[in-house]
Every structure is written in C-alpha cells, then in structure tokens.
Amino acid sequence: MNIREWALITFTILGQMASGAMLVLMVVRAYLAMKAKTEEVDKMLDGPLFIVIPIMGLALLASLLHLNNLSNVVNAVPNLGSSWLSREVVLAVTFVVLAVIYTFLQWRKIGGNTLRTVIGWITALVGVIQIYAMGMVYMIRTQPAWNTLATPINFFVTALLLGGLAVAVAMMIMHSEAEKQLPLFRQVLQGIALGAVILLGIEFLILPIYMAYLATQGPVALESLMLMVGPYFGTLVLRLIVIFIGVGILVTYLSRNLPGREKAMATLTYSAFVLVFVGEVMGRILFYVTHIRVGL
C-alpha cells in the first residue's frame, strides 16, 4: 500500500469516528436531558465534546496527503452537483467548522441551551451526511467489490462503533472518581456497550451476505472474493476476533453492574476501544487491498 492509500484509510476512519462521536454525544445529551438538570448534563458531556475537533482535524490533514494540494479542496466546490468526492470534501470542512462553532458556544455557554442544542444536532446531521457521501464515493461500477450496499453500511457501522467507544473513553478520562460513580454515568456506558453489540451483529451479518454476493457478480468480483478467502483470509479472521474480544470484554463487565470498580471499568473501556480501532483499521486495509478494477 502507498502513502495515498494510507491517507485514505486515516481520513475515512477518523472522519467517520468524529461524525459518529458527534452523533452519539447528541443522543446521549438528549437521553440525559430527561434524567438530569442541564448543568449536570453539561458537566458530563462538555469535556468529551472536545474530542470531535482534533479527530476530524487529523482526518482533514490526512486527506491533504491524498489530494496532494490544498487548492484541490477549493477546486472541489464547483463540482458539487456532479461529484460525490467534491461533496465529501465540502461536507468534511463544513462539519469541522460547525463542530468548532458548537464546541465554542457550549464551552462559553453563549446563547440559550435550546439554540446550542439545535446547532449541535445540525452538526451531527452534517456528520451523518458526510458518512453517506464517503460511502457514495466508492459506489463505482468499475469497482465491483466496492459498488455494493455493504460499503455505506460498513462505513456507518464503523462511525457509530468507533464514535461511541471514543465517547466512552473520553467520559472515563474527563470525569472525577465521584462522578464516575453516578448511576447516570454507568447507564450511558451500558447504552454504548449495547449499541456496540448491535453494531457488531450487523458487521457479522453483512460479511457473509457480501461475500456470497461477490461470488455471483462475475470474474472480477470473484477475484476480489478469492483474495479475501485466500492470502488475506487470516487478516479477515483476526479482524473479526479482535473486534469481538473488544466489544465482548466491555459488555461482560458492564453487564455485571458492580459498584466501586471504576478503575477496572476504565481499563476495560480503553482496551475495548483500542481493540475495536485496530480491528476497524484492519477492515479498512482489506477494503482497499482486495478491490479489483474492471478493465484498465
């Protein structure tokens, strides 16, 4: 793999994680708003909100390695009506600008809570559209292994899985021991863990369907399938094992609901994030190395 492909892996993984984290934060905020006062919700979530901007910033830096020139970002604007790549670039920049605005307003408590919440949801919506645009970029007829519904579905799964776990890690890091013992804090982590189980199930369901579909789509798609079950089969299996363990250790501990074990819970949360992140990177590598182009 060359630098441009690694740049794409970094951009898509981190861009999806940032968008997923923003959406998860807004969903968690809406849930907590029904359980606690605004001041308490802000205390729990304002810190974790600060992870979105640096993650998306790193994603944009990686995209520059792929685009080669900053002027290509500007040149993308005129092609919005016809190019998903142009839409992806513009949406990514729009998302990070909105994230900066929302984070600043929330941090400084500028404007009313309702106004800030609306801006937050608009930012999350732009992030969702950005993930969709990322998927559509790869829906190319000449790339049979990419041109399937599995591509956008897997991108959304990656966004929510990594975004949710990133929020869990941020909440662990940015809260005091007293706050970690709050029932609401544990409820949020249990909700994220449950969401991770559902997303893991989707990944395990989509993979065999996707592989069976490739087997019916002609020699080029079949060649991609042979790469998956041949030289890259070990990587594929290892990826699934790593993600399963990552989600499994978090769910197993949180399901016990044992009080006074916050240090162990933090360690397992960090471990779960690292394992799932590694697994998703492995999956994205497979995404790029197993595609075969039709024709020259």
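Throughout, read-outs are computed from the coordinates displayed, never taken from laboratory work. If you're wondering where the values come from, they're calculated on a predicted model, not measured in any experiment. Reconstructed Cβ throughout: ideal geometry from the backbone, glycine too, with neighbour counts over all protein chains shown.
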In a Gaussian network model of the chain with springs linking alpha carbons closer than 10 Å, the residue among L240, L227, L275 that fluctuates most is L227
Charge dipole of the chain built from unit charges on the beta carbon (Lys, Arg +1; Asp, Glu -1), centred at mean Cα; most positive-end Cα among G127, T216, M282 is G127
Per its Cα gyration tensor (rounded if a/c is under 1.5, else prolate when a/b beats b/c, else oblate), region 89-202 is best filed as oblate
Note on the chain: helices (DSSP H) long enough, at least 18 Å by alpha carbon along their axis, and hydrophobic enough, mean Kyte-Doolittle at least 0.5, are 3-33, 52-67, 84-108, 113-137, 150-173, 183-214, 233-254, 262-289
Beyond 28 Å, the calculated P(r) of the chain holds a percent of Cα-Cα pairs equal to 40 percent
CD proxy, 222 nm, the chain: helix-only mean residue ellipticity via -39,500 (n - 2.57) per DSSP H run with n ≥ 4, per residue, nearest 500, stands at -27500 deg cm²/dmol
Across A36, A170, A62, the residue with the highest GNM fluctuation in the chain (Cα network, 10 Å cutoff) is A36
Residues whose built amide H sits under 5 Å from the amide H of G111, excluding neighbours closer than 5 in sequence, are none
Share (percent) of C-alpha pair distances in region 173-249 greater than 15 Å works out to 69 percent
Over 23 Å (Cα to Cα) among K109/K263; K43/K109; K35/K263 -> K109/K263; K35/K263
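Classify region 142-296: rounded, prolate or oblate, from the alpha-carbon gyration tensor (a ≥ b ≥ c, eigenvalue square roots; a/c under 1.5 rounded; otherwise prolate if a/b is larger than b/c)? If you can, show how the numbers build up before the last one.
Working: a/c = 3.04, a/b = 2.89, b/c = 1.05.
Verdict is prolate for region 142-296.
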